[in-house]
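Everything on this sheet refers to the single structure shown next.
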Amino acid sequence: MNDKMPLLRTENLHKWYGKIHALRGVNIEVYPGEVLALIGDNGAGKSTFVKIISGVERKTSGKIFWKGKETEILSIEQARNLGIETVYQEQALAPQLTVLQNIFLGRPWTKFGPLKVLDNKKMAKAARRVIDELGLNVQVDQEVRFCSGGEQQGVAVARALLFKAGLVILDEPTRALSATGVERILEFIRGLKKQGIAVIIVSHVFPQIFPVTDRFMILSRGEVIAEKRAEETSSEDLTRIVIEKTV
Ligand SMILES: Nc1ncnc2c1ncn2[C@@H]1O[C@H](COP(=O)(O)OP(=O)(O)OP(=O)(O)O)[C@@H](O)[C@H]1O
Ligand SMILES: [Mg+2]
């Protein structure tokens, strides 16, 4: 995997919130199709890192490289244009909206001209194409609440695909979920990975995400203190590192 160019790489990333030094020289890279988990104690800096990459917060110093090119990420819109999608829990699928409305939620396509008329035909056609590509058995005008759990995850994957996400970021997606909900998130991640999309997942409950993770980075007080590939570690090992802060 390391002979490829990282999709995303940070170099000596620092973030200060006033007097709080939340990130202290973070170097993290993610490769295409890789699932990277960021784990660590409360306040370790995981969400701060994710917010900087998704354009919600600005870095104080350091460099961000996207596909090998140094890039400033100044807004959520810019992150999305690069191909960085962040799935926040509160932004998961809207059950009362249709498959089509969910896919284009927050960024519908409009017809050319000043009136911003929705281009429903074009959206439906594009949505149909990705849905068929994924082999999903859903109608674009079907309300999402009538889709099965697996189909709903499929719709979320379709959205990432349609907007050509290279990287999907999930911050604590399993926090409030039942066992079935967690399984759905894991299926969602597997779906992204199969499409060559990279995933950064932040989670406290790493035994849950262990089955889909390729690599773990352990943060403590704003620094990466350890890095482990899934095949060279275990949930017990990771728990010990997080608690004892030694490798
Ligand atoms: N908007 C903010 N203003 C001031 N301080 C902040 C802000 N956001 C985060 N911090 C501080 O930065 C540090 C890192 O916080 P962050 O939210 O990144 O941690 P985390 O690893 O995501 O923790 P958790 O596991 O609890 O979600 C903490 O000390 C936190 O209090
Ligand atoms: Mg957090």
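The values are calculated or read from the model by the stated rules, or taken from the named source; none is laboratory data. Given the structure is predicted, the values throughout are model-derived calculations rather than measurements. With ideal geometry, Cβ positions are generated from the backbone for all residues, glycine too; neighbour counts draw on all protein chains shown. What goes into the accessible areas is simple: the full protein's heavy atoms, side chains included, and nothing from ligands, DNA or RNA. Shrake-Rupley method; radii C 1.70, N 1.55, O 1.52, S 1.80 Å.
Taken together, 17, 31 contain a single residue that is out of contact with any Gly (no Cβ under 9 Å at 6 or more places or on another chain), of a type in the set (Ser, Thr, Tyr) and within 16 Å of ligand 2 (Cβ to nearest atom), which is 17. Scanning the stretch 176-199 for any residue that is closer than 21 Å to residue 29 by Cβ and modelled with pLDDT of 95 or more turns up at least one such residue.
So is residue 181 in a helix (DSSP H, G or I) and over 23 Å from residue 130 (Cα atoms) or not? So residue 181 passes the test.
Residue pairs whose Cβ atoms lie under 7 Å apart, sitting 6 or more positions apart in sequence or on different chains, and linking a residue in the stretch 42-53 that is in contact (Cβ under 8 Å) with a residue 60 or more places away in the chain to a partner that is open to solvent by 10 Å² or more (accessible area, probe 1.4 Å) and near ligand 2 (Cβ under 8 Å from one of its atoms), are 47/171; 50/171. If you check 71, 98, 10 for being within 16 Å of ligand 1 (Cβ to nearest atom) and hydroxyl-bearing (Ser, Thr, Tyr), only one passes: 10. When the residues of the stretch 38-64 are narrowed to those that are in a strand (DSSP E or B), of a type outside the set (Ser, Thr, Tyr) and away from ligand 2 (no atom under 13 Å from the Cβ), which ends up surrounded by the fewest Cβ atoms within 10 Å (Cβ to Cβ)? Taking the candidates together, the pick is 63. Report yes if residue 140 is outside any helix (DSSP H, G or I), modelled with pLDDT of 85 or more, among the aliphatic types (A, V, I, L, M) and over 12 Å from the mean Cα position of the chain (by Cα), otherwise no. Yes. You will find that of 242, 224, 155, the residue that is touching a residue at least 60 places away in the same chain (Cβ under 8 Å) and part of a strand (DSSP E or B) is 224 and no other.
Per the conditions (1) part of a strand (DSSP E or B); (2) more than 16 Å from ligand 2 (Cβ to nearest atom); (3) open to solvent by 10 Å² or more (accessible area, probe 1.4 Å), the sole criterion not satisfied by residue 95 is (1). Might you let me know whether the stretch 220-237 holds any residue that is open to solvent by 50 Å² or more (accessible area, probe 1.4 Å), of a type outside the set (Asp, Glu), modelled with pLDDT under 95 and more than 16 Å from ligand 1 (Cβ to nearest atom)? No: zero hits.
If you take the residues of the stretch 167-191 that are of a type in the set (A, V, I, L, M, F, W, C) and in contact (Cβ under 8 Å) with a residue 40 or more places away in the chain, which of them is surrounded by the fewest Cβ atoms within 10 Å (Cβ to Cβ)? My answer is 176. Got at least one residue in the stretch 23-33 being touching a His at 6+ places or on another chain (Cβ under 9 Å), open to solvent by 20 Å² or more (accessible area, probe 1.4 Å) and in a loop (DSSP other than H, G, I, E, B)? No - not one qualifying residue is present in the stretch 23-33. The single condition among (1) assigned to a strand (DSSP E or B); (2) surrounded by fewer than 20 Cβ atoms within 10 Å (Cβ to Cβ); (3) among the charged types (D, E, K, R) that residue 15 does not satisfy is (2).
In the condition set (1) in a loop (DSSP other than H, G, I, E, B); (2) open to solvent by less than 20 Å² (accessible area, probe 1.4 Å); (3) away from ligand 1 (no atom under 13 Å from the Cβ), residue 5 is compliant with all but (2).
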